[in-house]
Amino acid sequence: TNPGFVVRITQAGLDYAHQQGIVILQKELAQLKLPDISGDFRIRHVGKVRYEISRLSLRSFHLPYSRISLVPNVGLQVSISNAFAEVDGNWRVKIHFIRDHGSFDLKVENIYIKINLRLGSDTSGKPTIDTSDCSTRISKVRVRFSGKFGWLYNLFHSAVESRFRKILESKVCERRGQSSGSFWWSSALPFTAKIDAMSGIDYSLVAPPTATAQSLDVKLKGEFFSLANRSAVPFPPLALAFPPDHDRMVYFGASSYFFNTAGFVYHTAGALVFEVTDSMIPKGIDFHLNTSTFSAFIPQLEKMYPDRLMKLRLSAPSAPFLNIGPGGLSLKPVVDIQAYAILPNSSLAPLFLLSLTCNVSAVIDVRSGRIVGSLKVGRYEGEAARGGAGAAPVRTLQSIMNIVASSILLPRLNARLDQGFPLPLPDRIQLSNILVRFHQ
């Protein structure tokens, strides 16, 4: 399926992500569990020597020079050079009837590591990571023994150092193979993002990431869903042609499908229904929501329900559908306005139904890792209001609806849009120097 949302990470973005990821990798390598080492060898004129190396502890693993780079059609490559590690532990030796033990310090220098990471996705759309290739080379290992027979180091240090070199080289790649993506990629993109008590966003992958020489493109579902009852979206995502830009660290591309699934979810949940009463009219506006006001347009109201307060129920008969073009975002939702008279027993008497098509423009921005927005209502289009109280021309009611929309409805909608919807960002990552552009 086509993505509703795309994330592009360029080499410049990877260079920054490397600062975060290499800290994780350095901690992970420092947690390597090294096995005990034992063996024996013969010394001329002395005989058989049995030794044991135990309780190995990797005190540190330093990665002074490292880089994450793109590997086309594979994913990423982590390359490390001139790394060094420090190990300590205990040693024990036996020569005939002579026994001794002590401690040792080991320094591993000039470590070179190259790991190719194949980035993918499983059947549920969660990101996966596999080590497609791993190589480690260690050029220098130095061991310093302490104890009465420390001089034996000069006799078997080459054997011990060789064993250490082989163990460390294999353990580094083994660790990367066993790791379930603890590198930055595994937590780079949230699988789902909860928005509020009603909805969330599905950010699962619809295809494995695509790596080129310039960027890593990650195609996400980008679909709003109901937390209470998830149902299929009745329209497919359109093809998203991502612009060929690579100048910035990271790009986010949202198609109209992303926004329209939000409209579908909130409409299905009944969240796009608003009731307006006279008490909600802001002070300072010379307008009251009662039959006396509306009798100027519908004279029958004063006779049928004299001097009664009214209630307006605004609803959308269908989910609003948003369009994106070079000029910005726009939508033309249909709004049904059902007017009621509030009777003495608090029951409602239907008066008229007004259907309007609103020309709405939307402004989109990004703030604190969230997509925020605001709406502005333009010209209305519609038919005459009809109902039990007779009919009235739409144009005569538009000024009243402008008051309702501008002073009550839009502030509520814009307050919610100002809270925003989360972008798929790793923890502790903040965006700066943000530029928002619109494309067809």
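Quick rundown of the values:
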item: Residue, nearest to GLN300 (Cα to Cα), within the range 319-341, restricted to residues that are touching a Lys or Arg at 6+ places or on another chain (Cβ under 9 Å), open to solvent by 20 Å² or more (accessible area, probe 1.4 Å) and assigned to a strand (DSSP E or B); result: TYR340
item: Which listed residue, of LEU431, LEU413, LEU417, is outside the structural domain of ILE281 (by the TED database), open to solvent by less than 60 Å² (accessible area, probe 1.4 Å) and at pLDDT 85 or above; result: LEU431
item: Boolean, ILE111 is assigned by the TED database to the domain that holds LEU34, under 47 Å from the mean Cα position of the chain (by Cα), surrounded by 14 or more Cβ atoms within 10 Å (Cβ to Cβ) and within 14 Å of LEU25 (Cα to Cα); result: no
item: Residues of the range 23-57 satisfying the condition of being touching a residue at least 12 places away in the same chain (Cβ under 8 Å), open to solvent by 20 Å² or more (accessible area, probe 1.4 Å), of a type outside the set (Lys, Arg) and not in a loop (DSSP other than H, G, I, E, B); result: ILE24, GLN26, SER38, PHE41, ILE43, GLU52, SER54, LEU56, SER57
item: Residue in the range 96-115 that is farther than 27 Å from ARG142 by Cα and polar (S, T, N, Q) present; result: no
item: Scan of the range 70-127 for residues that are among the charged types (D, E, K, R) and part of a strand (DSSP E or B), ordered by number; result: GLU86, ASP88, ARG92, LYS94, ARG99, ASP100, ASP105, LYS107, GLU109, LYS114, ARG118
item: Test: residue in the range 253-261 that is open to solvent by 50 Å² or more (accessible area, probe 1.4 Å) and out of contact with any Pro (no Cβ under 9 Å at 6 or more places or on another chain); result: no
item: Test result for ARG386, open to solvent by 60 Å² or more (accessible area, probe 1.4 Å) and modelled with pLDDT of 85 or more; result: no
item: Matching residues, the range 263-301, being crowded, with 16+ Cβ neighbours inside 10 Å, under 47 Å from the mean Cα position of the chain (by Cα) and of a type in the set (Phe, Trp, Tyr); result: PHE264, TYR266, PHE274
item: Number of positions in the range 233-249 that are open to solvent by 80 Å² or more (accessible area, probe 1.4 Å) and among the aliphatic types (A, V, I, L, M); result: 4
item: Selection within the range 1-16 - in a helix (DSSP H, G or I) and open to solvent by 20 Å² or more (accessible area, probe 1.4 Å); result: GLN11, ALA12, ASP15, TYR16
item: Matching entry among LEU322, LEU289, LEU348, LEU272 (being hydrophobic (A, V, I, L, M, F, W, C), in the same structural domain as SER226 (by the TED database), farther than 22 Å from SER407 by Cα and at pLDDT below 95); result: LEU322
item: Matching entry among ILE80, ILE53, ILE37 (being in contact with a Gly (Cβ under 7 Å, 6 or more places away or on another chain) and β-branched (Val, Ile, Thr)); result: ILE53
item: Given (1) in a helix (DSSP H, G or I); (2) modelled with pLDDT under 90; (3) touching a strand residue (DSSP E or B) at 6+ places or on another chain (Cβ under 6 Å), number of the condition ILE403 does not satisfy; result: (3)
item: Members of the range 221-232 found to be surrounded by fewer than 18 Cβ atoms within 10 Å (Cβ to Cβ) and assigned to a loop (DSSP other than H, G, I, E, B), listed by number; result: LEU227, ALA228, ASN229, ARG230, SER231, ALA232
item: Residues (closer than 13 Å to VAL74 by Cβ and out of contact with any Asp or Glu (no Cβ under 6 Å at 6 or more places or on another chain)) located in the range 115-124; result: ILE115, LEU117, LEU119, GLY120
item: Any hit, the range 361-368, residues being more than 25 Å from the chain's Cα centre (by Cα) and buried (at least 16 other Cβ atoms within 10 Å of the Cβ); result: no
item: Selected residue (criterion: surrounded by the most Cβ atoms within 10 Å (Cβ to Cβ)) from residues of the range 302-316 that are touching a residue at least 24 places away in the same chain (Cβ under 8 Å), more than 14 Å from LEU348 (Cα to Cα) and of a type outside the set (S, T, N, Q); result: LEU314
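Let's see how each residue does on (1) modelled with pLDDT under 85; (2) charged (D, E, K, R):
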{"residue": "LEU32", "(1), (2)": "yes, no"}
{"residue": "TYR51", "(1), (2)": "yes, no"}
{"residue": "ARG55", "(1), (2)": "no, yes"}
{"residue": "ARG59", "(1), (2)": "yes, yes"}
{"residue": "HIS62", "(1), (2)": "no, no"}
{"residue": "TYR65", "(1), (2)": "no, no"}
{"residue": "LEU70", "(1), (2)": "no, no"}
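The values are calculated or read from the model by the stated rules, or taken from the named source; none is laboratory data. Please read these numbers as outputs of a predicted model, since none were measured by experiment. Using ideal geometry, Cβ is built from the backbone for each residue, glycine included, and neighbour counts are taken over all protein chains shown. Calculation scope for accessible area: heavy atoms of the full protein, side chains included, ligands and nucleic acids excluded. Shrake-Rupley method; radii C 1.70, N 1.55, O 1.52, S 1.80 Å.
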